[in-house]
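Here is the structure we will look at.
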Amino acid sequence: MTAAVRIARAYTGRVKVIRCGFHGWHDWCVEVKGGIPKKLYEDVYEFRYNDLDQLEDLMKKHGDDVAAITLTPFGHPLHEKMQEPAPGFLEGVRELATKYGAVLIFDEIRTCFRLRLGGAQELYGVVPDLAVVGKGMANGYAIAAVTGRAEVMKGIAEGEVFVSSTYFGNSDGYVAALKTIEIMEREDVIGNLWEKGGRFLERLRGIISKYNVGAELSGVAPMYFITFKRDREGLFRQRRTDFYAQLIRRGVFLAPYHHGYICYRHTEEDLEEAARAIEEALAYVSEKYGEFKEEG
Ligand SMILES: Cc1ncc(COP(=O)(O)O)c(C=O)c1O
């Protein structure tokens, strides 16, 4: 993402960045600011996912100085519920970027090779100027890629923008990516994730609805999350900790602050075991804390 922002700044000759979503540990975007001089992020502004009005206001104010709008096209913020784009949201972001001459960068590091082989942009039909991909592309091998329109990326080819690193030349990532993509296409891995994950999520929805503990399921079949709503007694953090700890006791690890994924490798038995553990963990939370009461 940092390389993509540098490319966008070189292409537009502008500095400001408007961003939405988690883009990693880098100086310009990390939420924990310790150790980072303010000047490295003072030209970066944040907008909320699905809040086109907020983006529009920011663009009215800063638009002519904005090099890039960056966002995860599918909403998967840290700790919080996942969100699909509201009708017209991604199209609106695209329009605003074009109107103000900013480079639109999609962070598809989690979504590409998962929602579709071509990422959220293929699923939702909105094409950015640059897209950054990684993770699923090589089934865990260390490789990521900045992709996009040649016109925007020409600064690299012409030597105006320099991007490199110690591990750039590592060929195992490239080989793993080619092989992974070949297998994904041949075995319709993405179709399998949607089909198997869809059934799993349906099952979880049924289980969660049985227990009034404030648990919520969000996301789509390949990527989903169980979060806990804020409650009147302020106990949602304890409910969450207990729920996830009880899962671990039953041999199932789901991250409490990060959504989960359905993998091609998951068997029906794996998912059945996970669903059973989730039901037991919810029953434990329900027994321990009693009925959930909405905050406010
Ligand atoms: C959506 C998203 N963007 C960006 C990053 C950062 O990737 P890296 O640490 O390789 O820069 C991550 C890493 O988890 C991510 O999930």
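Helix 2-12 axis versus longest C-alpha principal axis of the chain: approximately 40°, rounded to the nearest ten. Sorting 29-36, 91-98 by average packing, meaning the other beta carbons within 10 Å per residue, from highest down gives 91-98, 29-36.
Given R0 = 25 Å, the distance between the Cβ atoms of Asn170 and Thr267 translates into a calculated FRET efficiency of 0.20.
A Gaussian network model of the chain, with springs between Cα atoms under 10 Å, assigns the largest mean-square fluctuation among Gly63, Gly134, Gly169 to Gly169. Each of Ile278, Ile248 has its accessible area taken with a 1.4 Å probe; listed largest first, they run Ile248, Ile278. Straight-distance candidates among the lysines for linking to Lys179, with alpha-carbon spacing under 19 Å and chain neighbours fewer than 8 residues away dropped: Lys135. Using the alpha carbons alone, the radius of gyration of the range 68-149 stands to its Kirkwood radius in an Rg to Rh ratio of 0.96. Within straight-line reach of Lys288, meaning a Cα separation under 17 Å, sit the following lysines at least 8 residues removed in sequence or on another chain: Lys210, Lys229.
With a ≥ b ≥ c the root eigenvalues of the C-alpha gyration tensor of the range 69-226, is it rounded (a/c under 1.5), prolate (a/b larger than b/c) or oblate?
Numbers: a/c = 2.29, a/b = 1.42, b/c = 1.61.
Oblate, because a/c is 1.5 or more while a/b does not exceed b/c.
Overall form of the range 1-60: oblate. Here a/c, set by the Cα gyration tensor axes a ≥ b ≥ c, is 1.5 or more, and a/b is not larger than b/c. Among the chymotrypsin sites (Phe, Trp or Tyr not before Pro) in the range 142-245, those located in a DSSP loop and surrounded by at most 16 other Cβ atoms within 10 Å of their own Cβ are Phe162, Tyr167, Phe168. Rounded to the nearest 5, the antiparallel percentage of DSSP beta bridges internal to the chain is 45%.
Can you give me the Rg/Rh ratio for the chain, using Cα atoms for both radii and the Kirkwood formula for Rh?
Values: Rg = 20.8 Å, Rh = 20.9 Å.
Ratio value, two decimals: 1.00.
Descending by average beta-carbon neighbour count within 10 Å, the peptides 264-275, 119-130, 65-76 line up as 65-76, 119-130, 264-275, the highest first. Across the range 119-211 the C-alpha pair distances fall into 10 Å bins from zero in the proportions 13, 30, 32, 16, 7, 2, 0 percent.
Accessible area per residue of the chain at 1.4 Å probe, in Å²?
Working: 15240 Å² over 296 residues.
Each residue of the chain exposes 51 Å² on average to a 1.4 Å probe.
The relative contact order of the range 81-192 comes to 21 percent, based on Cα pairs under 8 Å that sit 6 or more residues apart.
Cross-link partners of Lys61 among lysines, defined as those whose alpha carbon lies under 20 angstrom from its own and excluding same-chain residues fewer than eight positions apart: Lys16, Lys39, Lys99. Helical content of the chain, expressed as a calculated mean residue ellipticity at 222 nm, amounts to -13000 deg cm²/dmol (DSSP H runs of 4 or more residues, -39,500 (n - 2.57) each, divided by residue number, nearest 500).
The values are calculated or read from the model by the stated rules, or taken from the named source; none is laboratory data. Here the structure is a predicted model, which is why all the values come from computation and not from measurement. We place every Cβ from the backbone using ideal geometry, glycine too, and count neighbours over all the protein chains shown. In case anyone asks, the SASA skips ligands and DNA or RNA and just uses the protein heavy atoms, side chains included. Shrake-Rupley method; radii C 1.70, N 1.55, O 1.52, S 1.80 Å.
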